[in-house]
Amino acid sequence: MDTDSSTTTSTAVYRHKKDKILVIMGATGCGKTRVSIDLATRLQSEIINSDKMQVYEGLDITTNKITIQDRLGVPHHLLGEFDPDDGELTPSEYRLAGGLAISGIVSRQHLPIVVGGSNSLIHALVADRFNPELNVFDGSNPVSTQLRYNCCFLWVDVSLPVLCDYLCKRVDEMLDSGMLDELSEYYGSVDAANQIGLRKAIGRYWCGMGSGTEGSIRGLCEGDKGEHVSACEKADWQDLEIKRGRVGPKKS
């Protein structure tokens, strides 16, 4: 075999080698954050947030951002980094920001770990060809299996009854930590009306709760079919998105 030709071929393959990333996905409250920290502290890793509520600055209790203390020194990216006054962060913009974060992490010879429950952002980031006009989660559109990175998907799956019980307890903990006051202050602020992205991100689950009572928020755990989507319904809906999107692992 021609040595020069072999070297050239090997170099070309190396240049086109896809970066390896780990994607931890699953419904809200299933334990993705804990798993990511457990893995990141054992590996040379950095974490990239893919939760559409947590990308914005502010409302740390309501959006359940991991605290500095609980990060255990693991670097986090795209977590509370975007100013909500700048408008809504689109999937295309997240794809760009996430791609830059991955490149930076890889350059430090660390493993990027993408963590979050916003499946639309995960799809935008990892799809080789991303079409922002195509909804891959409605079950009617074909989904390309070509990925932008060499991905390992970890789907953290918990039975819905167990998850709902935990989510009810978590809502209580968030209330005890001051979530109601945080929401009241936010919705009463002058800037809130202009923060379209953050309001839209939290609105589906907590919209109007800033003017409600503790009982009305705790009622989310009762599966009320009124104007607010319960925490349990959110979890079930996120799992359905994973199944329809077919970007991650297939459930056996």
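What to note about this one:
- Hey, residue 162 of a type in the set (Val, Ile, Thr), part of a helix (DSSP H, G or I) and either within 30 Å of residue 111 (Cβ to Cβ) or modelled with pLDDT under 85 (or both) or not: yes
- Residue 37 among the aliphatic types (A, V, I, L, M), surrounded by fewer than 22 Cβ atoms within 10 Å (Cβ to Cβ) and without any contact (Cβ under 8 Å) to a residue 24 or more places away in the chain: no
- Residue 54 vs. criteria within 14 Å of the chain's Cα centre (by Cα) and at pLDDT 90 or above: yes
For (1) surrounded by fewer than 16 Cβ atoms within 10 Å (Cβ to Cβ); (2) over 21 Å from the mean Cα position of the chain (by Cα); (3) at pLDDT below 80; (4) within 29 Å of residue 127 (Cβ to Cβ), each residue gets a yes or a no:
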| site | (1), (2), (3), (4) |
| --- | --- |
| 174 | no, no, no, no |
| 194 | yes, yes, yes, no |
| 197 | no, no, yes, yes |
| 202 | no, no, yes, yes |
| 209 | no, yes, yes, no |
| 213 | yes, yes, yes, no |
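- Considering (1) at pLDDT below 70; (2) under 17 Å from the mean Cα position of the chain (by Cα); (3) surrounded by fewer than 20 Cβ atoms within 10 Å (Cβ to Cβ), the lone condition that residue 156 does not fulfil carries the number (1).
- In the range 96-120, residue surrounded by the fewest Cβ atoms within 10 Å (Cβ to Cβ) [restricted to those that are farther than 17 Å from residue 46 by Cα and modelled with pLDDT under 95]: 120
- Extreme residue, nearest to residue 118 (Cα to Cα), among residues of the range 28-86 that are hydroxyl-bearing (Ser, Thr, Tyr) and touching a helix residue (DSSP H, G or I) at 6+ places or on another chain (Cβ under 9 Å): 50
- Within the range 139-153, tally of residues that are modelled with pLDDT under 95, among the polar types (S, T, N, Q) and out of contact with any Leu (no Cβ under 7 Å at 6 or more places or on another chain): 4
The values are calculated or read from the model by the stated rules, or taken from the named source; none is laboratory data. Please read all numbers here as calculations on a predicted model, not as lab measurements. Neighbour counts are summed over all protein chains in view; Cβ atoms, including those assigned to glycine, are modelled from backbone coordinates with ideal geometry.
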